[in-house]
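Asks: The following block contains the structure, expressed as structure tokens.
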Amino acid sequence: MKVLSIAAGAASMYCGSCLRDNALAAELIARGHDVTLLPLYTPLRTDEINVSRPTVLFGGINIYLQQQSALFRRMPRFVDRLLDSPRLIKTMANRATSTDPRTLGDLTVSMLEGADGVLRREFDKLLAWVAAEPAPDVVSLPNSLLIGLARPLSTALGRPVCCTLQGEELFIEGLVEPYRGRALELIRRQAAGVDRFVAVSEHCARFMTEYLRLPADRVSVVPLGIDMAGYQRPASGPTRADRADERGSDEVFRIGYFARVAPEKGLQVLADAFLRLRRRAPGARLRLEAAGYLAPAHKPYLAEVERSIERGGAAGDFAYRGELDRGGKQDFLRGVDVLSVPATYDEPKGLFLLEAMAAGVPVVQPRRGAFTEIVDRTGGGLLVEPDDADSLAEGLHTLWRDRALRARLARRGHDGVREHYTIQRSADRLLEVYEDVAARKPSPVTREAAS
């Protein structure tokens with residue numbers, strides 16, 4: 001099967017959506033399928049082998065300038081090529097790039113307006129690019145914020161278009177009015193141009209079907225999957241929880257957080273729970289370790305988290321380990337006893353849970369979003385009340401106190417991810433969706449042959 005998979009670059013940060021799109025493309029390529037992974041906005045950043053094209057369309061610098069000034073909508077093509085240089089985009093992205101929806105409302109709406117908006121030049125460039133490439137069997141869009149591409153690509157290629165749903169409602173809800181209302185209106189209106197929506201979790205499918213007013217029969221679920229390379233533990237090797245059981249209660253109990261450091265991911269909630277846990281278990285050796293991308297705009301947030309821990313008398317028991325590559329991530333996870341990312345919204349993905357459990361680490365998560373189905377399906381953790389530091393502290397205390405339970409959950413999660421959430425299983429399901437939509441919407445060549 002030949003697939004054109006469009007991915008939205010996330011500037012200089014590791015992005016769960018980019019990781020998913022790249023991993024699926026790599027798996028399909030490894031199986032012999034012809035997949036073109038085409039970045040928009042910026043080059044992709046992934047902690048695995050990057051299989052995306054070096055070309056970047058809708059270059060972030062270019063579309064920002066065109067949004068701000070009509071002058072840049074009339075620039076010669078050589079200026080376009082310069083501004084769309086992946087090297088230049090990457091350099092600028094590494095310095096300062098805002099992904100704050102409060103500042104991107106006009107640009108978001110322009111992308112959704114498609115060829116009828118101020119970015120028509122960029123849509124023309126995309127159609128010229130696809131015209132020069134072999135036609136795919138199916139086109140995949142990375143999220144509904146790029147649904148403005150669906151109709152032009154479907155019309156130009158005569159092939160089905162799928163659109164992934166993977167958490168863009170958080171961005172949409174962050175837009176200020178009138179952009180939020182206009183964006184929702186445009187997405188809902190253009191949904192008819194998509195042959196199939198692909199949700200990354202059952203929660204995401206239920207929520208987005210209602211949120212975007214989509215027909216339920218046009219939404220399929222393709223659960224997340226991860227590449228298990230580097231996560232396999234030796235057949236005879238114990239988990240960290242097993243080793244802690246052998247060493248006894250003097251072992252430091254390490255609580256891990258691995259996600260973007262941002263208010264909505266809940267690091268402050270975890271810090272509050274950590275302080276409560278210290279009071280529940282006086283004398284226990286406890287430590288909180290955090291890692292993940294930290295945007296410049298969120299440095300004050302991390303500083304406030306650190307101050308709250310210091311005020312609680314635990315300054316020496318917290319560390320932020322920074323942004324980690326794949327090897328560093330796996331080492332980090334192998335070094336903690338439990339992972340918790342108590343997001344304050346209904347997270348639709350939860351990739352970090354799969355990575356932790358694959359490494360043999362149990363999780364303690366709020367009962368919300370995709371967390372519930374992941375924990376229930378794998379059996380790799382405990383669920384607690386959302387936005388409740390006391391409930392989270394109780395869950396952490398349970399695993400600190402009961403090392404045997406911790407070891408059982410670690411083994412269940414380890415096995416559960418391998419049974420339900422590998423990249424191979426995810427690719428199997430995605431191929432089923434692609435084959436179904438391709439059969440329902442035959443290509444122009446097939447239609448001509450049939451007639």
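Asks: Quick check on segment 149-160. Is at least one of its residues of a type in the set (V, I, T) and in contact with a helix residue (DSSP H, G or I) (Cβ under 8 Å, 6 or more places away or on another chain)?
Replies: no
Asks: While we're looking at this one, here's another question. So L145 clears everything in (1) in contact (Cβ under 8 Å) with a residue 60 or more places away in the chain; (2) of a type outside the set (G, A, S); (3) surrounded by fewer than 16 Cβ atoms within 10 Å (Cβ to Cβ); (4) in contact with a Phe, Trp or Tyr (Cβ under 9 Å, 6 or more places away or on another chain) except one condition, right? Which one?
Replies: Of (1) in contact (Cβ under 8 Å) with a residue 60 or more places away in the chain; (2) of a type outside the set (G, A, S); (3) surrounded by fewer than 16 Cβ atoms within 10 Å (Cβ to Cβ); (4) in contact with a Phe, Trp or Tyr (Cβ under 9 Å, 6 or more places away or on another chain), only one is false for L145: (3).
Asks: Right, another one. Sort out which residues of segment 383-418 are surrounded by 21 or more Cβ atoms within 10 Å (Cβ to Cβ) and under 20 Å from T344 (Cα atoms), and write them in order of number.
Replies: V384, A389, L392, A393, G395, L396
Asks: Tell me the residue from L165, L170 that is in contact with a helix residue (DSSP H, G or I) (Cβ under 8 Å, 6 or more places away or on another chain), within 27 Å of H420 (Cβ to Cβ) and surrounded by fewer than 18 Cβ atoms within 10 Å (Cβ to Cβ), please.
Replies: Testing whether each residue is in contact with a helix residue (DSSP H, G or I) (Cβ under 8 Å, 6 or more places away or on another chain), within 27 Å of H420 (Cβ to Cβ) and surrounded by fewer than 18 Cβ atoms within 10 Å (Cβ to Cβ) leaves just L170.
Asks: Quick one: A199 ticks every box in (1) in contact (Cβ under 8 Å) with a residue 40 or more places away in the chain; (2) over 20 Å from S220 (Cα atoms) except a single one, so which number is it?
Replies: Single failed check for A199: (2).
Asks: Here are the criteria: (1) more than 21 Å from the chain's Cα centre (by Cα); (2) in a helix (DSSP H, G or I). Tell me which single one G32 does not satisfy.
Replies: (2)
Asks: Looking at segment 104-151 only, could you name the residues that are over 25 Å from the mean Cα position of the chain (by Cα) and among the aliphatic types (A, V, I, L, M)?
Replies: A115, V118, L119, L127, A128, V130, A131, A132, A135
Asks: Just to be sure I understand the filter: pairs with C-beta atoms under 9 Å, separated by 6 or more residues or on different chains, first member in segment 32-58 and within 16 Å of Y14 (Cβ to Cβ), second member part of a strand (DSSP E or B) and at pLDDT below 90. Which pairs pass?
Replies: Once the first residue is within 16 Å of Y14 (Cβ to Cβ) and sits in segment 32-58, its partners that are part of a strand (DSSP E or B) and at pLDDT below 90 give P39/A8; P39/L57; Y41/A8; Y41/L57; T42/A8; L44/A8.
Asks: Output the number of residues of segment 270-315 satisfying the condition of being more than 23 Å from V252 (Cβ to Cβ) and in contact with a strand residue (DSSP E or B) (Cβ under 9 Å, 6 or more places away or on another chain).
Replies: 1
Asks: What residue, among those in segment 263-308 that are hydrophobic (A, V, I, L, M, F, W, C) and surrounded by fewer than 18 Cβ atoms within 10 Å (Cβ to Cβ), is modelled with the lowest pLDDT?
Replies: Filtering segment 263-308 for residues that are hydrophobic (A, V, I, L, M, F, W, C) and surrounded by fewer than 18 Cβ atoms within 10 Å (Cβ to Cβ), the one modelled with the lowest pLDDT comes out as A297.
Asks: Which one is surrounded by the fewest Cβ atoms within 10 Å (Cβ to Cβ) among residues in segment 419-442 that are of a type in the set (S, T, Y) and closer than 11 Å to A358 by Cα?
Replies: Within segment 419-442, the match that is surrounded by the fewest Cβ atoms within 10 Å (Cβ to Cβ) is T422.
Asks: For A273, indicate whether it is over 14 Å from G395 (Cα atoms), of a type in the set (A, V, I, L, M) and either in contact (Cβ under 8 Å) with a residue 40 or more places away in the chain or part of a helix (DSSP H, G or I) (or both).
Replies: No: the conditions fail for A273.
Asks: Tally the residues that are outside any helix (DSSP H, G or I) and without any contact (Cβ under 8 Å) to a residue 24 or more places away in the chain, restricting the search to segment 154-177.
Replies: Final tally of qualifying residues: 1.
Asks: Among the residues of segment 316-327, is there at least one that is buried (at least 18 other Cβ atoms within 10 Å of the Cβ), assigned to a loop (DSSP other than H, G, I, E, B), outside the structural domain of Y14 (by TED's automatic domain parsing) and in contact with a strand residue (DSSP E or B) (Cβ under 7 Å, 6 or more places away or on another chain)?
Replies: yes
Asks: For the structure I just gave you, tell me whether G322 is in contact (Cβ under 8 Å) with a residue 60 or more places away in the chain, closer than 29 Å to E48 by Cα, touching a Gly at 6+ places or on another chain (Cβ under 9 Å) and not basic (K, R).
Replies: When the stated conditions are applied, G322 does not pass them.
Asks: Still on this model: Tell me whether segment 103-117 contains one or more residues that are over 20 Å from T36 (Cβ atoms), assigned to a loop (DSSP other than H, G, I, E, B) and either outside the structural domain of A7 (by TED's automatic domain parsing) or not charged (D, E, K, R) (or both).
Replies: Yes, segment 103-117 has at least one match.
Asks: Next up: With the structure loaded, tell me whether G380 is at negative phi and buried (at least 17 other Cβ atoms within 10 Å of the Cβ) or whether it fails that test.
Replies: For G380, the condition - at negative phi and buried (at least 17 other Cβ atoms within 10 Å of the Cβ) - is met.
Asks: Here's a follow-up. In this structure, does R121 turn out to be assigned to a loop (DSSP other than H, G, I, E, B) and among the charged types (D, E, K, R)?
Replies: No; evaluated as a whole, the condition is false for this residue.
Let's see how each residue does on (1) at pLDDT below 95; (2) in the same structural domain as L146 (by TED's automatic domain parsing); (3) over 22 Å from the mean Cα position of the chain (by Cα); (4) of a type in the set (A, V, I, L, M):
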position	(1), (2), (3), (4)
A183	no, yes, no, yes
F197	no, yes, no, no
S201	no, yes, no, no
C204	no, yes, no, no
M208	no, yes, no, yes
R213	no, yes, yes, no
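The values are calculated or read from the model by the stated rules, or taken from the named source; none is laboratory data. Quick caveat, the model's predicted, so the values are computed rather than measured. Quick reminder, even Gly has a Cβ in these numbers, built from the backbone with ideal geometry, and neighbours come from all protein chains shown.
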